[in-house]
1. Of the conditions (1) at pLDDT 80 or above; (2) within 18 Å of K144 (Cα to Cα); (3) outside any strand (DSSP E or B), I1 fails just one. Which one is it?
2. Looking at the structure I just gave you, is E57 assigned to a loop (DSSP other than H, G, I, E, B), modelled with pLDDT of 85 or more and either open to solvent by 40 Å² or more (accessible area, probe 1.4 Å) or touching an Asp or Glu at 6+ places or on another chain (Cβ under 7 Å) (or both)?
3. Go over the candidates N36, N83 one by one and state the one that is open to solvent by 10 Å² or more (accessible area, probe 1.4 Å), under 21 Å from S163 (Cβ atoms) and in a helix (DSSP H, G or I).
4. Considering only the range 155-164, I want to know if a residue exists there that is touching a strand residue (DSSP E or B) at 6+ places or on another chain (Cβ under 9 Å), aromatic (F, W, Y) and within 15 Å of I86 (Cβ to Cβ).
5. Name, by its number, the condition in (1) aliphatic (A, V, I, L, M); (2) over 12 Å from the mean Cα position of the chain (by Cα); (3) open to solvent by less than 20 Å² (accessible area, probe 1.4 Å) that does not hold for V49.
6. Those residues that are in contact with a helix residue (DSSP H, G or I) (Cβ under 6 Å, 6 or more places away or on another chain) and open to solvent by 60 Å² or more (accessible area, probe 1.4 Å), I need them from the range 86-107; list them, please.
7. Restricting attention to the range 12-29, which residues are in a strand (DSSP E or B) and open to solvent by 10 Å² or more (accessible area, probe 1.4 Å)?
8. Look through G167, G117, G126 and report the one residue that is outside any helix (DSSP H, G or I), more than 21 Å from Q198 (Cβ to Cβ) and either β-branched (V, I, T) or at pLDDT 80 or above (or both).
Amino acid sequence: IKQREIKDEPPRKNNVHCMFVNIRGTKEIFKGIEKNIIKEIYDVYYKTVSEVCSRYEGTVDNFCGDTISILWNAFGKEPLSKNLVIECALEIQKEFFVNIHPHFKGKGIKRMGIGIGVDGGESFIGNFGSAEEINHTSFGFCKKNAESLCKLAAPGEILFPESFFTGVEKEDQPGIKKVISGAFLVGERANEKVLSVQPVESQDYTKIKSY
């Protein structure tokens, strides 16, 4: 998070929601693609995800190559809504599939998709860094879990810990594609199952390798 809102305050514990978004398989996708096209992809990708998360009251935490991390309640002063996070993840996937993917398909990118991981829980939020560079961000198990789930997610897929839907009305829950068991999560989620949501489907996605 940019320094415009950073103050000299000690880190504190607060509940946050965290989302990681990642373009899957760029090592394969970008082979033989011109550098100006690759730059355009990242420009459109960063802009689109930023605009969608802003509409759903999220704050971009970090841009790092193929990955974007997003926080809700980054400054510990906002009410948390799981519905906003769920709707944001669904719209990011649909936006990528409906607008970004077709646009770049005409520029030599035959297959491209994103994976998303989500979690929420208590984290340390505050200003971290050195004398030269300070960043306002969060640290905690929920951020690690969201990142791990993002790495696991296939193109077109969103992964949630099972308990993330606790308190969310049934009609507001997205359709569950499958349930995944395994040691993917840490902290209080360590023994939880992972729920897979796939709002868009495409034969193109099945051919993308995840790295």
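The values are calculated or read from the model by the stated rules, or taken from the named source; none is laboratory data. Model, not experiment: these values are computed from the prediction. A quick note on method: Cβ atoms are made from the backbone with ideal geometry, for glycine too, and the neighbour counts reach across all protein chains shown. Only protein heavy atoms, including side chains, enter the accessible area calculation; ligands, DNA and RNA are left aside. Shrake-Rupley method; radii C 1.70, N 1.55, O 1.52, S 1.80 Å.
1. Against the list (1) at pLDDT 80 or above; (2) within 18 Å of K144 (Cα to Cα); (3) outside any strand (DSSP E or B), I1 comes up short only on (1).
2. Answer is yes for this residue.
3. Selected residue: N83, the only one of N36, N83 that is open to solvent by 10 Å² or more (accessible area, probe 1.4 Å), under 21 Å from S163 (Cβ atoms) and in a helix (DSSP H, G or I).
4. So far as the range 155-164 goes, yes, one or more of its residues are touching a strand residue (DSSP E or B) at 6+ places or on another chain (Cβ under 9 Å), aromatic (F, W, Y) and within 15 Å of I86 (Cβ to Cβ).
5. Exception for V49: condition (2).
6. Result: K107, single match.
7. Of everything in the range 12-29, those that are in a strand (DSSP E or B) and open to solvent by 10 Å² or more (accessible area, probe 1.4 Å) turn out to be R12, K13, N14, N15, H17, F20, N22.
8. G167
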